[in-house]
Amino acid sequence: MDDADGSGSVASDSATIAIYSVKGGVGKTTFAANLSWCSAQDGHSTLLWDLDAAGGSGFLYGLESSGSRLAEDVFSRDRSPARLIQRTAWDKVDVLPADESIRALDAQLVRIGKRRRLAKLTEELAGNYARIVLDCPPVMNELSAQVVRAADLVIVPLPPSPLSARAFDLVVREIAGNTRRHPPILPVLSMLDLRRGLHKQAREANPNWPTIPYASAVEQCAVQQQPVGAHSPQSPAAQHFARLWRAIEAKLADRRR
Ligand SMILES: Nc1ncnc2c1ncn2[C@@H]1O[C@H](COP(=O)(O)OP(=O)(O)OP(=O)(O)O)[C@@H](O)[C@H]1O
Ligand SMILES: [Mg+2]
């Protein structure tokens, strides 16, 4: 259904959501794991696809690394992703984990030379999953360009600072430079602590951006190896992730109109 540069999934009600930034440590993996859980709670069968060799998404779901080096074969050797996908302890959330082999992914994508390799794979997986969430590494390369071509929506976590809007503009420019038609991009203030003056200013400067608070409940995700909605369902952070998920669904619905 798409042209060579267009984005979008094949099944009309399925969607691929990329969590992306050029910056490291901004909350991408935390968003990816928690939003996947919210998606499943919303009734969607959801795949969390970890594209970062650091492998944080699987860890946040308590999955053990299998020690295999096969994740990249999905791209270069047509290995079926189905055989690598792992179930989690929660209904409707599965994980396609990363492993060491993913470090070679960018070079392999350049070598393969198929600009929509990732998009084709997500389109195939959309037969089984209504929502695919991509946890991306902080890179600007062929992999990030493929992520943009595969995504129906790009979520950009931004730690609050006077430079948040500028940081967001840089990401938008990077994304827009890669493709003629790029998917909608949703900035989200992550790790927001309104007791801090600069955070308050960033919030006031961008009042329409969704927010995720800085919270020990979120940090606990890595300790409990569970999404915040599972281990602290009453926490403000869990409510913020649920609200962000509703904003994501509203954006996806807008796009289909
Ligand atoms: N809202 C939050 N409140 C408190 N801690 C947070 C919050 N979001 C993320 N963190 C913590 O910040 C650190 C970085 O988060 P995360 O790993 O999600 O970032 P990332 O963008 O995926 O990093 P990388 O670029 O290295 O993949 C983690 O230790 C995480 O627990
Ligand atoms: Mg990460």
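The values are calculated or read from the model by the stated rules, or taken from the named source; none is laboratory data. It should be emphasised that the depicted structure is a prediction, and the values quoted were computed from it without experimental measurement. Positions of Cβ are backbone-derived with ideal geometry, glycine not excepted, and every protein chain shown enters the neighbour counts. Heavy atoms of the whole protein, side chains included, go into the accessibility calculation; ligands, DNA and RNA do not. Shrake-Rupley method; radii C 1.70, N 1.55, O 1.52, S 1.80 Å.
So that you can scan it fast, the table gives a plain yes or no per residue for (1) open to solvent by less than 20 Å² (accessible area, probe 1.4 Å); (2) within 18 Å of the chain's Cα centre (by Cα):
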{"position": "GLY24", "(1), (2)": "no, yes"}
{"position": "ALA33", "(1), (2)": "yes, yes"}
{"position": "GLN41", "(1), (2)": "no, yes"}
{"position": "SER65", "(1), (2)": "no, no"}
{"position": "ARG69", "(1), (2)": "no, no"}
{"position": "ALA107", "(1), (2)": "no, no"}
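Could you say which residue among ARG203, ARG195 is part of a loop (DSSP other than H, G, I, E, B), within 16 Å of ligand 1 (Cβ to nearest atom) and within 22 Å of ALA238 (Cβ to Cβ)?
On the way: ARG203 fails: part of a loop (DSSP other than H, G, I, E, B).
The match here is ARG195.
Keeping to segment 56-80, report how many residues are within 23 Å of ALA119 (Cβ to Cβ) and part of a loop (DSSP other than H, G, I, E, B).
The total comes to 7.
Collect the residues in segment 210-243 that are within 14 Å of LEU158 (Cα to Cα) and either open to solvent by less than 40 Å² (accessible area, probe 1.4 Å) or among the small types (Gly, Ala, Ser) (or both), keeping them in residue-number order. So that I can check it myself, show each step before the final result.
To start, the set of residues in segment 210-243 that are within 14 Å of LEU158 (Cα to Cα) comprises 210-214.
Hits for segment 210-243 are PRO210, THR211, ILE212, PRO213.
Please determine whether any residue of segment 163-176 is within 14 Å of ligand 1 (Cβ to nearest atom) and surrounded by fewer than 20 Cβ atoms within 10 Å (Cβ to Cβ).
If we filter segment 163-176 for residues that are within 14 Å of ligand 1 (Cβ to nearest atom), which is where we start, we get 167, 171.
Filter again for surrounded by fewer than 20 Cβ atoms within 10 Å (Cβ to Cβ), leaving 167.
Yes, because at least one residue in segment 163-176 is within 14 Å of ligand 1 (Cβ to nearest atom) and surrounded by fewer than 20 Cβ atoms within 10 Å (Cβ to Cβ).
Kindly list, by first and then second residue, each pair from a residue in segment 138-163 that is of a type in the set (Gly, Ala, Ser) to a residue that is part of a strand (DSSP E or B), limited to pairs with Cβ atoms under 6 Å and residues at least 6 apart or on different chains.
Cβ pairs passing all conditions: ALA150/THR16; ALA151/THR16; ALA151/ALA18.
Which of the residues spanning segment 11-24 are at pLDDT below 95 and within 10 Å of ligand 1 (Cβ to nearest atom)?
Within segment 11-24, the first condition is being at pLDDT below 95, and the residues that meet it are 11-13, 21-24.
Passing the criteria: SER21, VAL22, LYS23, GLY24.
Taking segment 184-209 as the region of interest, how many residues are within 16 Å of ligand 2 (Cβ to nearest atom) and open to solvent by 20 Å² or more (accessible area, probe 1.4 Å)?
Adding up the residues that qualify gives 1.
Just to be sure, is ILE155 outside any helix (DSSP H, G or I), in contact with a His (Cβ under 6 Å, 6 or more places away or on another chain) and of a type in the set (Val, Ile, Thr)?
On the way: outside any helix (DSSP H, G or I): yes; in contact with a His (Cβ under 6 Å, 6 or more places away or on another chain): no; of a type in the set (Val, Ile, Thr): yes.
Considered against the rule, which asks whether it is outside any helix (DSSP H, G or I), in contact with a His (Cβ under 6 Å, 6 or more places away or on another chain) and of a type in the set (Val, Ile, Thr), ILE155 comes out as no.
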